[in-house]
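Down below is the structure, laid out as structure tokens.
The values are calculated or read from the model by the stated rules, or taken from the named source; none is laboratory data. Bear in mind the structure is a predicted one, so any value in this text is a computation, not a measurement. No Cβ is skipped: glycine too gets one built from the backbone with ideal geometry, and neighbour counts run over all protein chains shown.
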Amino acid sequence: MKQNRVRSAAAVLATTIALGFAASSAQAQTINASSTFSGTFGSSHIDTNRDGLSANTQVIGLLGGPFGRSTIEALDESVPAGEGICANGNPGVLFSLLIADGAPGSFIQRFEQSGDLLYMTETAGIGCADANGALSFEASGTINGGTGRFSRATGTFKMRGTGNFLFADESDSFGGQQGTFDQTIILPN
């Protein structure tokens with residue numbers, strides 16, 4: 001009888017441990033990543049929603065973070081939003097991300113070590129350009145999967161930065177940018 005109780009107790013303990021491992025392995029892994037970046041921005045001749053406005057492109061390199069070095073290429077469309085004061089205190093032209101009418105704000109991050117991709121959608125973005133060509137901006141959005149270890153990833157991102165226009169006219173622009181890029185990446189098990 002005493003042996004049966006010991007066996008029963010051992011079976012209950014083993015089941016409890018197994019259920020504990022199963023529950024912990026079913027939980028998603030949340031990774032908070034913060035990186036600095038630098039790169040370029042410019043105009044494209046892609047009209048993402050056929051409204052006559054060209055989209056902007058960005059190519060940036062990220063340093064740091066839990067997955068090592070990576071690059072991001074982005075395509076988004078913004079529209080003038082009036083005059084205002086830029087982050088540097090100078091008066092300038094404000095602009096905001098155009099999300100209406102099917103204009104996507106799409107980011108693709110490629111991790112150098114693995115070659116895996118992470119797909120992101122920009123859902124909010126604002127910026128300001130002053131008369132001296134200085135640029136300040138913020139953008140945020142969602143993470144929507146990818147390839148390899150990121151195939152079912154979700155989460156959010158936020159970027160903040162400054163830059164300088166090296167060329168700008170009525171329809172085209174090009175310049176350099178730098179800043180910070182923060183992500184909360186959720187990887188399901």
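Would a scan of segment 73-82 turn up a residue that is over 19 Å from Phe174 (Cβ atoms) and surrounded by 18 or more Cβ atoms within 10 Å (Cβ to Cβ)? The answer is no, given that none of the residues of segment 73-82 is over 19 Å from Phe174 (Cβ atoms) and surrounded by 18 or more Cβ atoms within 10 Å (Cβ to Cβ). Name the residue, out of Ser70, Ser44, Ser25, that is under 24 Å from Ile186 (Cβ atoms), modelled with pLDDT of 50 or more and among the hydroxyl-bearing types (Ser, Thr, Tyr). Residue meeting the stated conditions: Ser70. Residues that are of a type in the set (Val, Ile, Thr) and farther than 23 Å from Ala134 by Cβ were ranked within segment 46-72; the one that is surrounded by the fewest Cβ atoms within 10 Å (Cβ to Cβ) is Ile46. Across segment 89-109, the qualifying residues are those that are in a loop (DSSP other than H, G, I, E, B) and in contact with a strand residue (DSSP E or B) (Cβ under 6 Å, 6 or more places away or on another chain), and the one among them that is surrounded by the fewest Cβ atoms within 10 Å (Cβ to Cβ) is Asn90. Given the criteria surrounded by 13 or more Cβ atoms within 10 Å (Cβ to Cβ), over 16 Å from the mean Cα position of the chain (by Cα) and part of a strand (DSSP E or B), does Phe165 qualify? Yes, satisfied.
Count, please, the residues in segment 110-158 that happen to be within 30 Å of Ala168 (Cα to Cα), of a type in the set (Gly, Ala, Ser) and part of a loop (DSSP other than H, G, I, E, B). Of the residues in segment 110-158, 2 are within 30 Å of Ala168 (Cα to Cα), of a type in the set (Gly, Ala, Ser) and part of a loop (DSSP other than H, G, I, E, B).
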